Amino acid sequence: MLPVLNERMESATAHAKELLSKLSLTEKIGQLSQFGTSIYNNKREYFPEHYPEGKIGSYLTVSGAQITNQLQRDCQEKFPTHIPLLFADDVIHGYRTTMPTPLAQSCSWNPSAAERGAEVAAKEAYVAGLRWTFSPMVDIARDPRWGRIVEGYGEDPYLCSRFAEATVRGYQGKEIGEKYHILACMKHFIGYGACIGGRDYNEVDMSPQTLYDIYLPPFQAGIDAGAATVMSAFHSMNGVPCTGSRHLLTEVLRNECGFDGFVVSDAGAVPELIPHGYAEDWKDAAQKGFQAGVNMLMAGDFYNDYLPQLVAEGKLTEQEIDEALLPILVLKILLGLFESPYTDESEEAKFFFCEEHLSVSREIAKECVVLLENNGILPLQKNQKVALIGPFADEKDHVLGTWSCRKDPEKTVSILEGFRKAGVDVTYAKGCDICEGCDAKLSEAVEIARKSDVAVLVLGEGEDMSGEAKSRTDISLPQIQLKLLDAVLETGVPVVLLISAGRPIVVEDFREKVAALAYIWQLGTSTGDAVAEVMTGRCDVSGRLSVSVPKSVGQIPVYYNYPSTGRPALGKIWYETGYIDENAHSRYPFGYGLSYTEFEYSDLRLSANEMTADGSITINCKVKNVGKRAGKTVVQLYVRDLVGSRVRPIKELKGFEKIDLDAGESRTVTFILQARELAFHNEKMEKVVEPGRFRLWVSKDSREEGISGEFEVV
């Protein structure tokens with residue numbers, strides 16, 4: 001349900017129905033139409049000729065208090081019924097102050113941090129005239145070849161669900177219409193991350209059980225948190241394009257999940273029903289998209305051009321138009337646009353890159369770094385001479401990541417700047433470009449490495465190497481970067497390798513050669529400050545993987561919660577012998593990450609050894625920091641259904657808590673496991689909690705055995 005008081009909802013609905021009675025069919029359809037062509041080119045068009053007829057209801061990619069006020073004023077003056085415009089943009093991980101990418105944020109395992117980041121993004125977007133963002137993306141992604149993995153929260157439905165609800169709350173606030181908050185839009189409904197071969201926009205073919213048990217839970221979590229809007233997906237699901245699927249957009253999303261906001265198409269997804277081979281022509285596409293449940297078209301005159309004809313021909317009714325428009329008008333009313341359609345132009349300067357927002361960006365970024373290997377070289381010591389090398393070492397744009405909205409690279413703190421601010425004795429050489437370069441740059445890098453105690457290399461992907469339409473068959477580092485790495489390794493100086501990327505990178509060729517390996521992802525405006533604090537040990541390194549890192553592309557898709565199999569192993573867990581040339585383990589499993597200290601888990605206690613299908617059990621364990629310095633760990637709860645009417649996953653995440661302990665400190669961590677969290681869809685598509693035995697683990701990652709116990713559902 002939308003987060004709004006009943007009396008406000010009743011009032012807004014009554015107001016919307018009154019407006020509907022005054023609108024012509026042309027004006028109604030205009031409210032279903034969004035414009036803004038600069039998403040795919042630099043041409044700015046505002047279509048003012050549509051205002052007198054009321055043929056425009058929303059803009060995308062148009063922001064800034066001055067221009068939004070101007071357009072709002074022009075529209076109000078010319079539109080007979082004075083319905084305000086709704087401005088939207090892709091505020092994915094920050095508006096001006098850029099937060100880490102969503103995939104990086106999920107590696108923090110701290111949804112409350114993501115909520116704070118969304119609050120900052122909403123505030124900056126709000127003062128720029130925006131009232132709607134196309135975020136969060138809650139697609140489960142199990143294939144790192146898919147470029148849009150960077151936009152979501154990883155491979156696990158439980159973890160993704162916690163981030164989905166957190167970011168929805170961050171964007172929208174406690175109630176729709178709260179100042180400095182904007183509408184959230186969950187995308188892409190549904191299953192987009194399972195595109196065949198990791199190829200963007202491609203077909204998805206999956207069982208309904210997988211759809212409901214893996215891909216739907218994050219959307220349901222966001223709906224339960226009050227998400228106001230949902231975006232339909234480009235791809236086809238089991239042969240039917242999602243944007244033309246009434247089953248998905250109406251029967252599942254609205255009737256089963258209880259969504260009561262409105263659906264917007266992804267850009268051009270309705271006319272793309274034609275190249276899908278699902279619609280005969282533009283009019284047929286408009287009809288199928290609309291009747292599937294797409295309330296608002298992104299973007300252009302497609303609905304304006306064809307819905308009136310469809311009504312005249314009796315293929316659509318005006319009542320159907322009214323039903324599609326009602327939630328759009330209700331949300332415009334709840335946002336307060338009718339009373340306050342304009343934005344205070346003086347507020348932009350107060351918030352963009354203000355210290356409060358930079359602090360949030362920095363604190364989130366520190367928690368996203370994942371340490372994968374460390375022979376003791378990290379954290380860096382005060383007296384060490386450090387050679388900082390690589391195309392991302394003094395870079396301010398690519399480290400912001402894809403979809404960085406109204407970014408300003410000049411405000412970015414580079415890693416070199418961060419090291420210098422932290423007092424590191426650092427010498428810098430670029431070494432090579434991201435994908436191309438000449439060998440002359442390598443010699444400079446080698447020279448400064450030889451004169452240093454440790455070389456810190458920052459390699460990875462440019463922001464244009466991941467994101468929409470950025471799928472890759474080869475997810476290793478570019479060859480020129482590997483050449484640079486080899487040249488520095490040959491000096492014999494210990495190498496700390498930091499990978500800045502939007503996806504997991506295959507690291508087999510060099511992971512054992514470096515002294516330390518860490519993913520820093522793409523951390524946003526405060527990249528340098530965050531990396532410097534983590535590398536120098538001013539804070540612990542506390543990120544944990546939200547997605548498995550494969551050993552090779554041949555393993556993909558690889559994820560921790562595979563179903564068990566009968567073969568290829570007798571007496572062994574299946575993944576030990578997955579291939580004739582390699583086992584099926586990922587290189588680094590979901591949930592994995594090192595700290596600068598060590599933690600010991602013990603004293604597992606269950607409140608009961610059995611529970612009913614509507615009951616719960618409480619799980620306690622003791623966690624102790626057995627190292628010599630303070631640090632953070634993510635305590636993870638996994639469960640396995642040992643026997644079921646359908647083959648069940650090896651493990652499933654069912655809880656986690658990130659804790660901070662001083663050296664020698666102990667704490668009891670408590671999980672409450674509800675029986676309903678063990679439910680799955682059986683062969684008849686009934687959601688059931690089946691009786692039987694279950695095993696649970698409290699551990700540091702999805703592969704580690706940790707401490708374990710058993711219980712039974714009776």
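Each of the peptides 697-710, 185-198 was scored by the mean count of other Cβ atoms within 10 Å over its residues; in descending order, highest first, they stand as 185-198, 697-710. Around the amide H of Lys651, modelled in the peptide plane, lie the amide H atoms of Tyr562, all under 5 Å away and 5 or more residues distant in sequence or on another chain. Remark: segment 478-487, residue by residue, has Karplus-estimated 3J(HN,Hα) of x, 4, 5, 6, 5, 5, 4, 4, 4, 5 Hz, where x stands for each Gly or Pro and the curve is 6.51 cos²θ - 1.76 cosθ + 1.60 at θ = phi - 60°. What the phi angles of segment 657-666 give under the Karplus curve with 6.51, -1.76 and 1.60, with θ = phi - 60°, is a coupling list of 8, 9, 10, 10, 10, 6, 4, x, 7, 10 Hz, glycine and proline written as x. With all protein chains kept in place, the per residue accessible area of the chain amounts to 36 square angstrom at a probe of 1.4 angstrom. Counted over all Cα-Cα pairs of the chain, pairs farther apart than 39 Å make up 36 percent.
Each part reduced to its alpha carbon centroid, segment 223-237 and segment 607-622 end up 34 Å apart.
For Leu517, the residues whose amide H sits under 5 Å from its own are Leu372, Glu373, Asn374, Leu497, ignoring neighbours fewer than 5 places away on the same chain, with H placed 1.01 Å from N. Which FRET efficiency value, to the nearest 0.05, do you get for Thr81 and Arg8 by plugging their Cβ-Cβ distance into 1/(1 + (r/R0)^6) with R0 = 30 Å? For R0 = 30 Å, the calculated efficiency reads 0.85.
The alpha carbons of segment 161-275 occupy a box of 42, 30, 27 Å along the principal axes, longest dimension given first. Thinking of segment 427-518 as a set of Cα atoms, what percent of all their pairs are more than 21 Å apart? Here the long-distance tail beyond 21 Å is 29 percent of all Cα pairs in segment 427-518. When peptides 284-290, 424-430, 607-613 are sorted by average Cβ neighbour count within 10 Å, with the highest value leading, the order is 284-290, 424-430, 607-613.
For the chain, carbon and sulfur atoms together expose 46% of the accessible surface, with a 1.4 angstrom probe and every protein chain in place.
Based on the mean of other Cβ atoms within 10 Å per residue, sort peptides 220-233, 203-216 so the most packed one is first. Don't jump to the answer; show the numbers that get you there.
Details: 220-233: 24.2, 203-216: 17.6.
For the peptides 220-233, 203-216, the packing ranking is 220-233, 203-216.
Any idea how far the Cα center of segment 287-330 sits from the one of segment 381-405, in Å? Using only Cα atoms, the two centres lie 49 Å from each other.
If you plug the beta carbon distance of Gln209 and Glu705 into 1/(1 + (r/R0)^6) with R0 = 25 Å, you get a FRET efficiency near 0.35.
Stretching Ser359 away from Glu339 to a fully extended chain increases their span by 3.8 nm, per 0.36 nm per residue minus the current alpha-carbon distance.
With the radius of gyration and the Kirkwood radius both derived from the Cα set of segment 34-119, what is their ratio Rg to Rh? Walk me through the intermediate numbers first.
Details: Rg = 16.7 Å, Rh = 14.9 Å.
Result for segment 34-119 is an Rg/Rh of 1.12.
The values are calculated or read from the model by the stated rules, or taken from the named source; none is laboratory data. On a predicted model such as this, the values are computed, not experimentally measured, just so you know. Glycine also receives a Cβ, built like all others from the backbone with ideal geometry; neighbour counts cover every protein chain displayed. These area figures cover heavy atoms from the full protein model, side chains too; ligands, DNA and RNA do not enter into them. Shrake-Rupley method; radii C 1.70, N 1.55, O 1.52, S 1.80 Å.
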